[in-house]
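Working notes, structure below.
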Amino acid sequence: MAEAHQAVAFQFTVTPDGIDLQLSREVLKHIYLSGVTSWKKRAIRFKNGVLTGVYPASPSSWLIVVIAIMSTMYARIDPSMGMIDRIKTSLPVSEFMTVQTQTVLSAILFATGLWLSFIFLLRYILKALLSYHGWIFESHGKMSFSTKVWLSLVKLLSGRRPLLYSFQASLPHLPVPSIDDTISRYLESVRPLLDDEQYKQMETVANDFKKDPAPKLQKHLKLKSWWATNYVSDWWEEYIYLRGRDPIMVNSNFYTMDLLYVIPTHRQAARAANVVHAMLQYRRKLERGELTPLRALGIVPMCSFQYERMFNTTRIPGIETDFVQHLKDRKHLVVYHQGRFFKVWLYYGGRHLWPSELELQFQRILDDKSESQPGEIKLPALTAGNRVPWARARLKYFSEGVNRASLETIETAAFFLTLDDEAHGYDPENIRSLDLYAKSLLHGKCYDRWFDKSFTLIVYKNGKIGVNTEHSWADSPIIGQMWEYVLATDCFHLGYTAEGHCKGDVNKSLAPPTRLQWDIPKACQEITEGSYMIAKGIADDVDFHGCLFNEFGKGLIKKCRTSPDAFIQLALQLAHYRDKGEFCLTYESSMTRMFREGRTETVRSCTSESTAFVRAMEDENTTNEQRLLLFKKAADKHQNMYRLAMTGAGIDRHLFCLYIVSKVMNIDSPFLKQVLSEPWRLSTSQTPQQQLNLIDMQKFPRYVGAGGGFGPVADDGYGVSYIIVGENLITFHISSKFSSPETWSQTQFLEGHSSAHFRSSPNQTHLIQLIKVFRITRNSNQDSFRFGQNIRQAMLDIRALFNLKEKKM
């Protein structure tokens, strides 16, 4: 019971001789160390806040300006043109304020004002420079003289050793495109998807909108862009994410995988400990603003605002809308294992727990044989189901007593950790290993991840790890950068012993993790079960396939003088056409982080140029030279659209915001309604790789990430996430739905079974199970798997065009 004694700082006993006071030196020492650590943290934050606040200048530059002004005064030169004298006359006269003191103080105040004006001037010039985006439209490897001069000026004004938020005040605002440009680009994007009559109808509707009410809506949107930091981001977060009442599991959350080939240790507790410790190190750098800001070309800064809510953040459910709760200095973690919740303190004596200490705590949880409390096992399913039942249950059953205390412990935790009792990861001998791994990370058992936390860390019993991320607070590159830091720190800095344990001594005097207590009534358990059944239906409907494409990669594609992203996107168009026999509206996510508080924009990858190329590939009468020419035109078109999206000239965010303005103003717009109701049957996204370059891919080729993915956006479509790993590997994460009304397997299934059979099993969940069984028993080619094979063949077919050209040369 040593822990119990150490938990008490002092004890006193009343005796006949008086009060006998006994102090615990150990506890007082920890209190002292915690206080010292807290004040150190505040001092560092204050210092870094000052450095960020005056950037691109420095505090030392203020002293230089003051000395310069004082020197000119000593030389009887007045650089202020009388301003110092005017400041001097406004200062109060007293016996403590001599004339000489007034003069010195006036000079210091003038110098300070001059210094601040200089800072604002530098920021304005830097913002003007960063508003130039001509460099991004120049051909790869070619740079104009004007761009070279521009880069030199940006580099000169960017200062030395910037902190994470140093450039925030210098980033330009996201511009509002013109109505004419947006509508013109929209009509161009839908032209290959519509026949002549449909296109004429759409053109008429669009032109009517352009005349009225578009100008009125545009004026209000421009007014917002002048007032707000970003005219899109707040509405995007609220209306796309927080106001959604459907389950966020699968539909919104996304996942990130571990290293593809390597497991540093097979000890679950040890791997969890190293990873958690690495995350705490990253959080400390994040809170202090000490991370280096991400910069394109190593010079052009990206916005860093999304990093702020990575830790200590929870999405709180509401009846009409959710909200994101972000706290500071959270010192505990909540762990879920086999239906039980545990609270683990992350600090000891004013410092982070060492990995060996965290391993001890997690092993204690794994060894704990206590039973779960009534309603505790499936409690996280509340976060996986519909939002309204969860919001009502939270208000009714978690607003007081132990339930409130335990829920607050979860929602105020640094993040959520699941010690999973399954084993997952990539197995070359098992073709479905990545599929099962992806499904586990995306939804698990539907009750063993807290989907409302900013992210849930999942550690499997074989040592493999992964992350499930709630989407409203940030986009995948943000969590991806943290994940890269964690994996590099885990493998190359912290390491493990020969037995697979964490390095360092074990402090067995640590108080063990504490169980969270619950008193969940039957009515709440029924709501939980209802949420679980909804979530399970969604999870069972998701079909995943992980496709490792290692025939060639980025290195060979670049030799073809083609953008790897454009190459892959055209392969996806070809694969989709072969899969469905038609073209569809295609979504590719692009970032707008060159603007302040920028998030994403849509690149409409299905273009007239790409469809012409795909048709040529399927036309036997077209020569390879013609196909190659069409490919290059389509690739150039895609690159140009991607650049337009990155520079604020996209289509969909502008139309989305115009729609929000129209709803606020009660203006009905058939054009905007139609645009925003169009389904994205092919939704794609590239996962960034090596943002920090912490792992030397040449030296450690097996330490490559597997990327991540998301659920299908449309019921009858595909979701495709891909990561370009090193020079010779591209990983595709493909998702679809078993219940899709347009999948090949389901069509065959419906044609091969009598209507009487379906009258006997009308339940949709049962139908999905029958379809899954049919697919597996018929030919094992599930939709996502088949699409993956189509992608592989499309990549090879496009590469063959360049092979033929090289042979002729």
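The values are calculated or read from the model by the stated rules, or taken from the named source; none is laboratory data. Here the structure is a predicted model, which means the values were calculated and not measured. In this analysis, Cβ positions are derived from the backbone assuming ideal geometry, glycine residues included, and neighbour counts consider all displayed protein chains. The accessibility values were calculated without ligands, DNA or RNA, using every heavy atom of the protein model including side chains. Shrake-Rupley method; radii C 1.70, N 1.55, O 1.52, S 1.80 Å.
Excluding residues on the same chain fewer than 8 positions from K216, give the lysines whose Cα lies under 19 Å from its Cα.
Cross-link targets: K224, K663, K673.
Tell me, in nm to one decimal, what length is gained between R404 and K127 on full extension, where the rule is 0.36 nm per residue of separation less the Cα-Cα distance?
Once the chain is fully extended between R404 and K127, it gains 95.0 nm.
Using a probe of 1.4 angstrom, how much of the accessible area of segment 329-484 is carbon and sulfur, in percent?
Carbon and sulfur atoms account for 52 percent of the accessible area of segment 329-484.
For segment 171-260, what does the alpha-carbon gyration tensor say about shape, rounded, prolate or oblate, given a ≥ b ≥ c as the root eigenvalues, a/c under 1.5 as rounded, and a/b over b/c as prolate?
oblate
Which order do peptides 488-497, 465-474 fall in by mean Cβ count within 10 Å, highest first? Let's see the in-between values first.
Working: 488-497: 17.8, 465-474: 23.9.
My ranking of the peptides, most packed first, is 465-474, 488-497.
How much area per residue is accessible in the chain when the probe is 1.4 Å and only protein heavy atoms are counted (Å²)?
About 46 Å² of surface per residue is accessible.
Starting from the Cα of L297, step 7 Å along the direction of its Cβ; do the same at V388; then give the gap between the two resulting points in nm.
About 5.2 nm, to one decimal.
Classify the chain from the C-alpha gyration tensor, please: rounded if a/c falls under 1.5, else prolate or oblate depending on whether a/b exceeds b/c.
Details: a/c = 1.73, a/b = 1.13, b/c = 1.53.
It is oblate, given that a/c is not under 1.5 and a/b is not larger than b/c.
For a quick check of understanding: with a 1.4 angstrom probe and all protein chains in place, what accessible area in square angstrom does D368 have, to the nearest ten?
Roughly 50 Å² of D368 is accessible to a 1.4 Å probe.
Count the net charge of all other residues whose Cβ sits under 14 Å from the Cβ of Q306, scoring Lys and Arg as +1 and Asp and Glu as -1.
So the environment of Q306 carries a net charge of -2.
Any idea how far the Cα center of segment 513-543 sits from the one of segment 40-105, in Å?
One Cα centre to the other: 62 Å.
Straight-line reach from K41: which aspartates and glutamates fall under 18 Å, measuring Cα to Cα and dropping same-chain residues less than 8 apart?
The reachable aspartates and glutamates, counting only those whose Cα sits under 18 Å from K41, are E287, E290, E308, D329.
Just subtract the alpha-carbon distance of S677 and L692 from 0.36 nm times their residue separation and send over the number in nm, one decimal.
Full extension from S677 to L692 adds 1.6 nm.
Share of segment 539-683's accessible area from carbon and sulfur, percent, 1.4 Å?
Of all accessible area on segment 539-683, carbon and sulfur atoms account for 45 percent.
Going by amide H atoms built from the backbone, whose H comes under 5 Å of the H on Y347, apart from near neighbours?
L353
Can you list the residues, at least 5 places off or on another chain, whose amide H is less than 5 Å from the amide H of K737, using H built in the peptide plane?
D543, G717
By how many nm would the segment from R702 to A228 grow when fully extended, if each residue of separation counts as 0.36 nm and the alpha-carbon distance is taken off?
Numbers: separation 474, 0.36 × 474 = 170.64 nm, distance 4.56 nm.
Extending this stretch completely gives an extra 166.1 nm.
Can you give the accessible area of I377, probe radius 1.4 Å, in Å² rounded to 10?
About 70 Å², ignoring ligands and nucleic acids.
What does the charge count near Q218 come to, summing +1 for each Lys or Arg and -1 for each Asp or Glu among other residues with Cβ under 11 Å from its Cβ?
+4
Quote the accessible area belonging to H326 in square angstrom, nearest 10, computed with a 1.4 Å probe and with ligands, DNA and RNA left uncounted.
Rounded to the nearest 10, the figure is 70 Å².
Of the cross-linked pairs K396/K522; K559/K632; K343/K378; K328/K445, which ones have a Cα-Cα span greater than 20 Å in the structure shown?
Details: K396/K522 13 Å; K559/K632 14 Å; K343/K378 18 Å; K328/K445 31 Å.
Where the Cα-Cα span goes over 20 Å, the pairs concerned are K328/K445.
Ranked highest first by the average count of other Cβ atoms within 10 Å around their residues, in what order do 264-270, 677-683 fall?
My ranking of the peptides, most packed first, is 264-270, 677-683.
Using only DSSP helix segments of four residues or longer, with each worth -39500 (n - 2.57), what per-residue ellipticity at 222 nm results for the chain after dividing by its residue count and rounding to 500?
Estimated from H runs of four or more residues: -15000 deg cm²/dmol.
Which helices, taking whole DSSP H runs in the chain, have alpha carbons extending 27 angstrom or more along the helix axis plus mean Kyte-Doolittle at least 1.0?
Long hydrophobic helices here: 99-130.
For K633, list the aspartates and glutamates whose Cα falls under 14 Å from its own Cα; do not include residues on the same chain fewer than 8 positions away.
Counting by Cα, and skipping residues close in sequence, K633 has these aspartates and glutamates nearby: E609, E625.
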